[in-house]
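The values are calculated or read from the model by the stated rules, or taken from the named source; none is laboratory data. Bear in mind that the values here come from a model prediction, so they are computed numbers and not experimental data. Please note: Cβ atoms are built from the backbone with ideal geometry, for glycine as well, and neighbour counts cover all protein chains shown. Side chains are part of the model used for accessible areas, which takes the heavy atoms of the whole protein and leaves out ligands, DNA and RNA. Shrake-Rupley method; radii C 1.70, N 1.55, O 1.52, S 1.80 Å.
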Amino acid sequence: EEEEKEEKKEEEVKEEPWTPEIKAAEEKAEKEEREKRLAAGETTIAVLPKKVRDRFGKWVNVMDDDAETMDCEHLNSRQQFLNLCQVNHYQNNTLRNAKHTSMMVLWHLHNREAPKFVQQCSVCSREILLGYRYHCQVCTDFDVCQDCMHGPLKANPHWHTLQPIRIKEEEQSEKQKKERQRSIQLHMQLLAHAAACDNEKCPSANCSKMKGLLKHGRQCQIQAKGGCHVCKRIWALLQLHARQCKARNCSVPSCDAIRESARRLLQQQQQMDDRRREMMNKAMRGARG
């Protein structure tokens with residue numbers, strides 16, 4: 001809140017006209033400060049300015065990419081990223097397509113709750129973003145938007161029953177994203193505490209709740225694969241913890257097993273990349289010969 005108040009005060013302050021002389025003086029001072037800090041041993045990332053002027057001469061904040069560790073399921077492995085690109089037809093064969101692909105990948109990174117694939121209406125060819133989409137379970141890739149369902153298809157209905165599926169409409173604000181990130185970190189701390197806590201009369205009420213969830217995960221006969229919602233929630237927490245955990249002997253259940261599985265998957269992907277690279281090199285050498 002204090003930072004927001006300071007930013008508002010800075011915005012309220014009337015900025016002086018940005019002349020070429022002021023621009024040259026600011027660039028010189030920034031260069032000297034940068035060289036001084038680099039000579040002191042700081043990294044090139046650490047000395048990046050927090051604010052710069054845009055082309056209109058107004059101060060704008062510089063986003064620090066290293067300030068927050070962003071976890072996105074679409075970028076956790078090469079196969080998941082390849083699946084995202086294949087489903088949405090993201091390509092890099094031309095400069096225009098490469099720019100679009102980079103933009104959309106960054107959008108998915110900053111909007112992790114958004115679906116990775118948006119259905120198109122088979123009647124009007126528009127993307128179905130709001131309301132309901134009506135899906136045919138018999139026909140291949142047949143979805144209809146709400147407008148077409150109550151419009152053209154009302155007079156000429158589809159020959160199969162269409163199942164209504166609600167589209168997720170909520171769009172998270174920056175405040176909601178920060179709250180969600182904070183909630184995840186608190187759950188991670190609580191999970192680590194409950195896994196290591198041996199006190200049956202722990203003063204923390206949330207500790208006993210987390211222990212109950214972990215006990216359910218050990219004793220449940222349905223498990224996450226069978227569709228148990230509680231097990232799915234626990235498994236998501238365990239996977240998120242394992243991605244962040246660096247401890248050798250972690251007390252959290254299944255942490256070592258999840259990390260070992262992720263390590264093996266990464267190793268397999270690296271071997272696949274090496275084989276693909278070797279085949280491409282052979283093909284290139286054969287073409288030259």
message: Suppose all protein chains stay in the model; what accessible area per residue would a 1.4 Å probe give for region 77-146, in Å²?
response: 66 Å²
task: Express in nm, to one decimal, how much length is gained between HIS193 and ALA283 on full extension, taking 0.36 nm for each residue of separation and deducting their alpha carbon distance.
output: 27.0 nm
- line: Taking r as the C-beta separation of ASN92 and ILE22 and R0 as 41 Å, the FRET efficiency to the nearest 0.05 is 0.50
- prompt: What percentage of the solvent-accessible surface of region 221-261, computed with a 1.4 Å probe over protein heavy atoms, is contributed by carbon and sulfur atoms?
  reply: 53 percent
message: Suppose accessible area is computed on protein heavy atoms with a 1.4 Å probe; arrange TYR132, TYR90 from highest to lowest.
response: TYR132, TYR90
query: At what distance in nm do the modelled label points of GLN223 and SER77 sit from each other, each positioned 7 Å from its Cα along Cα→Cβ?
result: 1.7 nm
- line: Diffing region 210-216: the Karplus 3J(HN,Hα) column from phi (6.51, -1.76, 1.60, θ = phi - 60°), in whole Hz with x for Gly and Pro, holds 5, 4, x, 5, 5, 5, 4
- request: Figure the gain on full extension for LYS154 and LYS211 (residue separation times 0.36 nm, minus the Cα-Cα span) and round it to one decimal in nm.
  value: 15.2 nm
statement: GLN244 and VAL60 label points (each 7 Å along its Cα→Cβ direction) are spaced in nm at 3.1 nm
- request: First select every other residue whose beta carbon is under 12 angstrom from the beta carbon of LEU191; then total the charges, Lys and Arg +1, Asp and Glu -1.
  value: +3
message: Assuming a strict under-19 Å limit between Cα atoms, what lysine pair count do you get for region 186-289 once near-sequence pairs (fewer than 8 apart, same chain) are dropped?
response: 7
field: Per-residue SASA entry for THR94, accessible area with 1.4 Å probe, Å² rounded to 10
entry: 70 Å²
message: Run the numbers for GLN271 and MET104: contour at 0.36 nm per residue of separation, minus the present Cα-Cα distance, in nm.
response: 57.3 nm
